[in-house]
Structures are given as structure tokens and as C-alpha cells.
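See structure below.
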Amino acid sequence: MLGTGNALVTRCYNTCFTLHSMGGALMLVDAGGGNGILTQLERAGIQREDITDLFVTHAHTDHLLGCIWMMRMALQFHRPLRVWSHRKVLDLLTGICRQILPKKNTDGIGCIVTMHCLEDGDTFEVGDMHLQCFDIQSTKERQFGFLALLPDGQRLCCLGDEPFSPQCQQYAENADWLMSEAFCLYEDRDRFKPYEKNHSTALDAARLAESLHVRNLILYHTEDQTLETRRKRYTAEAQSAFSGSIFVPEDLERIVL
């Protein structure tokens, strides 16, 4: 987990993470809101050039703008990078790069950095991982989650950063791992107002995970005002509604699937 915070955090990085497989595949999912992604990769001991694929969930600044830096580094140092998302995201990334980067670099878009347009339900491969994307039915900005079939047969479902839509049930039900946003604790809802921002609480995510019969729940995309107690309190609230294993990671924490 390179970052675990929501859009406006200052005490941790915006939510983004890498998926590593034993076969060597390495995919970055989102990149946060700026060049802090380069710092987080360095702190995590991940070489930028080892990342072959970038999946971008949606076009909000805290997910998209760090991708510009990933593309810039790939173009400047001629390191192949495949970018996966829906058309709006790909067009935005391409347009921004062509506006702000030197032409000698942006000439590499299409050969060094390749843009791969996905539609709802499309599948793609990253090394030995098989992935299927799905539209999370956002009411704010078109957003894709994904279901990853891992080499050992486990299924990991990333729901994006908005409340769950029943239309996505086929992807999440009975997953080994469920990644869900938890903007704050339910008991802190009056303070952080998650529902007004179209987000969920740790309790909401736990109830969802229990209803979907998943084995492990990862909570992310949180506020950053309670970092000192976040793991303990979020875990406790989630345990009240979910019988599986609960993970509330810190920035740069590695989770073995």
C-alpha cells in the first residue's frame, strides 16, 4: 500500500498500491495526486522501471495526477509502461502529457507508453495475473474496479473508492480478498460526513463484506486525523459486523495475500 488516504490528506499519501505476483508481475493501481508517488516508490524499495502496468480507476486528482509522473519517467528513460483505463482517463492523461511535457518525450506515447482502453467487463493480463475490470456505477465520475485472479487461484476484488453497487456483486461475492474504501468510522460520521461525500464507513464496509461472504477485508481511502488510533479503532468497528480477517494498512505496509 503506497498510500491509504483520501483526497485531502496531508499526513499520509493518497490511496494507491502495487500488486506483485510470485511470477514477477508488478502492477501499480492509481498513483495519488502528485510526484509524491516517486517518493513512496523509493521508500517502498520499488524500482519504477520494474512497474510494467498501470491501472487507473478514475479521473479524480488524487488518483490521476501521480500517473503523469509515472508516464513522464517512463517516457524520459524509455521504460515500457502499459496504461489501462476507460477512454476519458486515457484521453486526459495523453492530453495533459502532450501539453506539459517536451515533444521529444511525448512522441513516445503509443510505443514506449501504450494506452489500453477498457470497457465494462473487459479482461486483460498482467504477467501471470488475470484481471477483469468493471464499472462501479459511480454517480460522480466514471470509475472502474477490478477482479484479479491470482496465480495461486485466489480472487482479489478492488471496489474503487465509492459505496458498493449491487450491480457489482458478481465480481465481489465470495472473493478471497475485498478492498473497500472506509472514509471514516461510523461513530465519527457526524465529524467527517462520509455520506454527504458519497463514501462509506468502516462499519458499512464490514457489513458489505459479511453479506458477500468474503474471507479478508482491506480498508483504505480513509481520513488522516486519527492515524495514531486508526488501525485499532477501524478494526474494532469492522469486527462488530464481519467475521473474517480485517486489514487496516499503513502507508508502505506490505500485505501477503
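The values are calculated or read from the model by the stated rules, or taken from the named source; none is laboratory data. As the structure is a prediction and not an experimental result, all values here were calculated from the model. All Cβ positions, glycine included, derive from the backbone under ideal geometry; neighbour counts span all protein chains shown. Heads up: the accessible areas ignore ligands, DNA and RNA and are worked out on the full protein's heavy atoms, side chains in. Shrake-Rupley method; radii C 1.70, N 1.55, O 1.52, S 1.80 Å.
Every condition in (1) touching a strand residue (DSSP E or B) at 6+ places or on another chain (Cβ under 9 Å); (2) not in a loop (DSSP other than H, G, I, E, B) holds for residue 207 except the one numbered (1).
Does residue 223 satisfy being out of contact with any strand residue (DSSP E or B) (no Cβ under 6 Å at 6 or more places or on another chain), more than 25 Å from residue 125 (Cβ to Cβ) and of a type in the set (D, E, K, R)? No: the conditions fail for residue 223.
Here's the yes/no breakdown for (1) in contact with a helix residue (DSSP H, G or I) (Cβ under 7 Å, 6 or more places away or on another chain); (2) at pLDDT 95 or above; (3) over 24 Å from residue 151 (Cβ atoms):
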residue: 177; (1), (2), (3): no, yes, no
residue: 196; (1), (2), (3): no, yes, yes
residue: 200; (1), (2), (3): no, yes, yes
residue: 225; (1), (2), (3): no, yes, yes
residue: 243; (1), (2), (3): yes, yes, yes
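How many of the residues making up the stretch 48-58 are open to solvent by 30 Å² or more (accessible area, probe 1.4 Å) and free of Cβ contacts under 8 Å to residues at least 60 places away in the same chain?
3
Number of residues in the stretch 126-165 that are closer than 14 Å to residue 176 by Cα, in contact with a Gly (Cβ under 8 Å, 6 or more places away or on another chain) and surrounded by fewer than 18 Cβ atoms within 10 Å (Cβ to Cβ) equals 1.
Condition check ((1) farther than 15 Å from residue 59 by Cβ; (2) aliphatic (A, V, I, L, M)) across all residues:
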| site | (1), (2) |
| --- | --- |
| 117 | no, no |
| 124 | yes, no |
| 127 | yes, no |
| 130 | yes, no |
| 139 | no, no |
| 147 | yes, yes |
| 150 | yes, yes |
| 154 | yes, no |
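Scanning the stretch 59-76 for residues that are of a type in the set (Gly, Ala, Ser) and either more than 14 Å from the chain's Cα centre (by Cα) or surrounded by fewer than 21 Cβ atoms within 10 Å (Cβ to Cβ) (or both) yields 59, 74.
Among the candidates 87, 79, the residue that is free of Cβ contacts under 8 Å to residues at least 40 places away in the same chain, over 26 Å from residue 227 (Cβ atoms), open to solvent by 30 Å² or more (accessible area, probe 1.4 Å) and touching a strand residue (DSSP E or B) at 6+ places or on another chain (Cβ under 8 Å) is uniquely 87. Note on the stretch 80-95: residues that are closer than 11 Å to residue 114 by Cα and either modelled with pLDDT under 95 or not polar (S, T, N, Q) (or both) total 6. Tally up the residues in the stretch 90-104 that are open to solvent by 60 Å² or more (accessible area, probe 1.4 Å) and under 19 Å from the mean Cα position of the chain (by Cα), please. Of the residues in the stretch 90-104, 1 are open to solvent by 60 Å² or more (accessible area, probe 1.4 Å) and under 19 Å from the mean Cα position of the chain (by Cα). Quick check on the stretch 33-42. Is at least one of its residues more than 21 Å from residue 179 (Cβ to Cβ) and either acidic (Asp, Glu) or more than 17 Å from the chain's Cα centre (by Cα) (or both)? Yes: one or more hits. The residue that is surrounded by the fewest Cβ atoms within 10 Å (Cβ to Cβ), counting only those in the stretch 18-47 that are free of Cβ contacts under 8 Å to residues at least 60 places away in the same chain and in a strand (DSSP E or B), is 20.
Residue 185 - would you say it is without any contact (Cβ under 8 Å) to a residue 60 or more places away in the chain, of a type in the set (A, V, I, L, M) and open to solvent by less than 20 Å² (accessible area, probe 1.4 Å)? Answer is yes for this residue.
Screening the stretch 210-233 for residues that are assigned to a helix (DSSP H, G or I) and either of a type outside the set (Ser, Thr, Tyr) or in contact with a Ser or Thr (Cβ under 7 Å, 6 or more places away or on another chain) (or both) and picking the one that is most open to solvent (accessible area, probe 1.4 Å) gives 232. Checking every residue in the stretch 105-116 against the condition of being crowded, with 16+ Cβ neighbours inside 10 Å, within 24 Å of residue 1 (Cβ to Cβ), at pLDDT 95 or above and under 20 Å from the mean Cα position of the chain (by Cα) gives zero matches.
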